[in-house]
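The values are calculated or read from the model by the stated rules, or taken from the named source; none is laboratory data. This is a predicted model, so every value here is computed, not measured. Positions of Cβ are generated from backbone atoms using ideal geometry, with glycine treated the same way; all protein chains shown enter the neighbour counts. Side chains are part of the model used for accessible areas, which takes the heavy atoms of the whole protein and leaves out ligands, DNA and RNA. Shrake-Rupley method; radii C 1.70, N 1.55, O 1.52, S 1.80 Å.
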Amino acid sequence: MNAQTRTVVLEVEGVSWASSKSIVESTLLRRPGVLLVEANPLSQTANVSYDPRLTSQAQLREWVIECGYHCAGQSVPDHICDPAHDPDQALLGAHQMPAGQAPAKLDDTPPAPPSMSEHHDHSSITTPEGSGHSGGTAGTVAHEDHTGHDHAMADRSMQELMGHGGSHAGMSMASMIRDMRNRFIVAAVLSVPIILWSPIGRDVFGFTVPAPFGLRDDVFSLILSLPVIFYSAWIFFDGAWRALRARTLDMMVLVAVGVGAGWLYSVAITLTGGGEVFYEAATVLTSFVLLGHWVEMRARGGANDAIRTLLELAPPRAVVLRGDEEVEVPTADVVPGDLMLVRPGAKIPTDGTVEEGDSEVDESMVTGESLPVPKTAGSAVIGATVNTTGTLRVRATKVGADTALAQIVALVQEAQNSKAPGQRLADRAAFWLVLVALIGGTLTFVAWLWTGASVSTAILFAITVVVITCPDALGLATPTAIMVGTGLGAKRGVLFKNAGALESAAHIDTVVLDKTGTLTTGEPEVTDYLPVGMNDIELLSLAAAAERESEHPLAKAVVAYADARNIPRRTATAFRNVTGLGAVATVDGRRVVMGNARLMADEGFDMTAISAAQNNLAATGRTAIALAVDGKAAGVIALADAPRPTAAASITALHESGIEVVMLTGDNEPTAKRVAALLGIDSVIAEVLPQDKSARIADLQRSGKKVAMVGDGVNDAPALAQADLGIAIGAGTDVAIETADVVLMRSDPLDVPVALRIGKGTVRKMRQNLGWAVGYNVVALPIAAGVFVSSLGIMLSPEIAAISMSGSSVIVAVNALLLRRLRLPAQAAPTAASGNSESTRLPRHGSADAIGHRSTSDNEADVAVNPALRDPNLAAASAAASNANPVVEINTHPAHEDQPMTYHEEHRTDSTTLVTDPVCGMKIDPKTAAATREHDGVTFYFCSMRCADTFDADPHRYGHPHI
């Protein structure tokens, strides 16, 4: 689809039969500008892709209404979006239609005089300057909807009002279920006396009471059957009429033919003097079909719980501060820039930024994050999440369709409505199955007459063939599984963009994970700084000036370290980023080069003075950046990026599913292998340039592997597109999220195996349902036709056929719901740090105060402080190269002690047993710990300086976890 194509999720309420979705699909696809329609009877919505230059959402809404279904516009979250908002009208008016012109009617007749369409089209058509929402939008929309409803009701026939199109239009799924129950009760109650005064009642049950008022039994049965046919069963005739008008065939056609044929034949016999009639067959058939459909609707209604919950999340009203006054307004009236007051226990009305206050926000209903997330001034908040502890003043930044909730809802709905390749085939098969049933019923009638059977017997077999066929089971086979699967994912913060993503996830055997930002936190910190032959402040000032021009996370870490030491700021010119290698810049006339060994080799620099230090730092798993000034080696800066707390658990879960795990990174091989060994990753592809990542994915695919790529950055986008399944971290860039097939809202690598298991479970249910639907019809049709009557004595009545048909749909729906019992990897146990969701990461306050430095010429003291210098070779190389220049280290100063607390990283025992970071709970090797702390005579090891800083802020809390 080209850039002009738009996709919208429209309400299509009143589609109660799975096969009836073809009415909406076939009708809209014949309209100008409509490119793709995917209707979903479970969610009562439809994905519609269209060209906004040729049609608009208002016209799409009109066409849906003309199909006999209710459509208020887009399916959007309650309270924050206007369903009737149509951004396409101005564009459409510029390309095609004059103001006020009504869309073409369903029967292709010339446009009618303006009526309902005038009320529903927004003012942007006739008065472009008035487009958008104003203070009176809500009232205007309400007036438009009411007026349009009056016109619509005036245009409806009695036939439409008696069927689903009239009585079910605008109903919720719960209301439709109640209506189906009521129709069933009427049919069932009246079927009892009809059976008693039928030949079955007289001959089988021995019922001898004469019909009231001296009427014949068949006349009395005809009278009793009228409410059943014209109320309970009218939905079948109404639906059949709509299907035929839309030039398609569905379940309604079959039931209408079965019920109608038996009843009309009986009426003809009654009016011509009496004889063998089938009123009991028609009414009992109606009762059983309604019963089965009622149970089926109750079962499949549960498949939509997840999206229904999302739609109802937003609060109806918001408290906005206007000066010193608190004003309560509808949430839909909040505009960007409004300052909202959110008290403890209240929902945040819309997306925004905290202006004032400190609190914790429960984001579990949107992101799946299990613990409340701390929020303070400057923190971003998500609409519809719950403020738990403190009062917040939040500045609204996004409203309506731009909010995170609206975008999540749209993403989930589009995925639920999308069709898997197998479902497209099943939908076509359902149409032909109805045709086969109608032809089969006709042939069965003729065949039994040819064998000498009576007309009544031939009609019974023909009705049985028509009724027992179940295209609904085919129609429900995959949508129910997809609904449950995507809903299950949404509850864990895993968003599938379409059904194809679910199918792809089921076939993945290799997962490729980007290291930085995916397996690690993506926030590296300086751990070692070794100037060689230059003053440390001078060198760091030059390096920081160059790195300020870069957006790379490593560059930001160097700048943060320099700022923490109050290094004088300088300005860089002629900055050039060397992709995947480093950067070059000029600072005060001096040429500064920072990067890896390859960049230094390309520049032709002699790095002998620092190569040993750089190699040893890299061997410990750190990223070692070489510094060169004016063509000479000047020093090394080492940085480390801690693995995410759940990274190891995610790798274990993938291995349990039989999936190979590959780490793809542009980092140096020693660093990459160190992280891989720590996490248990199978293989490593290191030192890969961004432009080569997609080629490496293609190499794996050529070897026969089905590859999923997990990444977060712009440089990952080509690889995400190349992979069989692209998975984007929710805290990643917009480009990565747009390119990927799956989005992880919590930015938790443990959700990768969750997504793959949901995919496998969903596809398994889809196959089971399709197998049952096809097998049922293959076996049922010949039995219903009486093929085995003479040989095996097997014969089905229309009533039993109705139960079988309805039961088939119920089995498919219930089987899909069993997907909810799918075993998924457990979420990480709550820890003190895990509550800080990466998708809404808080700014780090006070980091400059937490990082200090120490200068010394005493190399022995350096060894005690700098873990890299414990290596004798590195210590000797550094001492020889430094020529008494100071080696600057990181030292953390806790606020509650007079003496600075210097971290030590030496391994204090000979054991290789992993220890636990007391802050995040991660298992780490003491030898490779990023930092250690001494507290009450106990040594604590940390995976990153962030955890160490957190410990310093409250050592009593983390040093005594039992308190």
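It is to be established whether one or more residues within the stretch 551-565 are within 17 Å of Val412 (Cα to Cα) and hydrophobic (A, V, I, L, M, F, W, C).
From the stretch 551-565, those within 17 Å of Val412 (Cα to Cα) are none; that's our starting set.
So far as the stretch 551-565 goes, no, none of its residues is within 17 Å of Val412 (Cα to Cα) and hydrophobic (A, V, I, L, M, F, W, C).
From the set of residues in the stretch 37-70 that are in a loop (DSSP other than H, G, I, E, B) and among the hydrophobic types (A, V, I, L, M, F, W, C), which is surrounded by the most Cβ atoms within 10 Å (Cβ to Cβ)? Outline the logic, then answer.
The first filter runs over the stretch 37-70 and keeps only residues in a loop (DSSP other than H, G, I, E, B), leaving 41-44, 51-56, 67-69.
Those still in the list that are among the hydrophobic types (A, V, I, L, M, F, W, C) too: 42, 54, 67.
Numbers: Leu42: 26, Leu54: 18, Cys67: 24.
Of everything passing the filter in the stretch 37-70, Leu42 is surrounded by the most Cβ atoms within 10 Å (Cβ to Cβ).
Pick out, from the stretch 594-681, the strands (runs of 3 or more DSSP E) lying fully within it that include 3 or more residues that are in contact with a strand residue (DSSP E or B) (Cβ under 9 Å, 6 or more places away or on another chain), open to solvent by 50 Å² or more (accessible area, probe 1.4 Å) and of a type in the set (D, E, K, R).
Details: elements: 623-629, 632-640, 660-664.
Counting at least 3 such residues, we get no strands (runs of 3 or more DSSP E) at all.
Apart from one condition, Arg247 fits all of (1) more than 30 Å from Leu435 (Cβ to Cβ); (2) open to solvent by 30 Å² or more (accessible area, probe 1.4 Å); (3) of a type outside the set (A, V, I, L, M); the exception is (1).
Beta carbons closer than 6 Å, at least 6 apart along the sequence or on distinct chains, pair a first residue in the stretch 451-472 that is farther than 21 Å from Ser20 by Cα with a second that is polar (S, T, N, Q) for Phe461/Thr444; Ala462/Thr444.
Could you please let me know if Phe230 is without any contact (Cβ under 8 Å) to a residue 60 or more places away in the chain and either exposed (fewer than 14 other Cβ atoms within 10 Å of the Cβ) or polar (S, T, N, Q) (or both)? Write out each step before concluding.
Numbers: without any contact (Cβ under 8 Å) to a residue 60 or more places away in the chain: no; either exposed (fewer than 14 other Cβ atoms within 10 Å of the Cβ) or polar (S, T, N, Q) (or both): yes.
No; evaluated as a whole, the condition is false for this residue.
A search for C-beta distances below 7 Å between a residue of the stretch 435-449 that is under 9 Å from Val465 (Cα atoms) and any residue that is open to solvent by 60 Å² or more (accessible area, probe 1.4 Å) and at pLDDT 90 or above, counting only pairs 6+ apart in sequence or on different chains, returns nothing. Taken over the stretch 180-211, the residue count meeting the criterion of being open to solvent by 40 Å² or more (accessible area, probe 1.4 Å) and without any contact (Cβ under 8 Å) to a residue 60 or more places away in the chain is 15.
Condition check: under 17 Å from Leu476 (Cβ atoms), surrounded by fewer than 24 Cβ atoms within 10 Å (Cβ to Cβ) and under 48 Å from the mean Cα position of the chain (by Cα). Does Gly260 satisfy that? Give the steps one after another, and end with the answer.
On the way: under 17 Å from Leu476 (Cβ atoms): no; surrounded by fewer than 24 Cβ atoms within 10 Å (Cβ to Cβ): yes; under 48 Å from the mean Cα position of the chain (by Cα): yes.
Taking the combined requirement at face value, the residue does not satisfy it.
Hey, does the stretch 683-699 have a residue that's hydroxyl-bearing (Ser, Thr, Tyr) and free of Cβ contacts under 8 Å to residues at least 24 places away in the same chain? It would help to see each step written out before you state the result.
First, pick out the residues of the stretch 683-699 that are hydroxyl-bearing (Ser, Thr, Tyr): 683, 694.
Narrowing the set further to residues that are free of Cβ contacts under 8 Å to residues at least 24 places away in the same chain leaves 683.
Yes - at least one qualifying residue is present in the stretch 683-699.
A single member of Val34, Val24 is surrounded by 20 or more Cβ atoms within 10 Å (Cβ to Cβ), more than 30 Å from Val335 (Cβ to Cβ), more than 24 Å from the chain's Cα centre (by Cα) and at pLDDT 85 or above, and it is Val34.
Output the residues belonging to the stretch 373-405 that are in a helix (DSSP H, G or I) and open to solvent by less than 10 Å² (accessible area, probe 1.4 Å). Once the filter is applied, which keeps residues that are in a helix (DSSP H, G or I) and open to solvent by less than 10 Å² (accessible area, probe 1.4 Å), the stretch 373-405 yields only Leu405. Taking residues in the stretch 483-509 that are among the aliphatic types (A, V, I, L, M), and partners anywhere that are buried (at least 24 other Cβ atoms within 10 Å of the Cβ) and part of a loop (DSSP other than H, G, I, E, B), the pairs with Cβ atoms closer than 6 Å and at least 6 places apart or on different chains are Met483/Leu42; Ala501/Asp741. If the condition is being in contact with an Asp or Glu (Cβ under 9 Å, 6 or more places away or on another chain) and either acidic (Asp, Glu) or open to solvent by less than 20 Å² (accessible area, probe 1.4 Å) (or both), then the stretch 509-518 contributes Asp509, Thr510, Val511, Asp514, Lys515, Gly517, Thr518.
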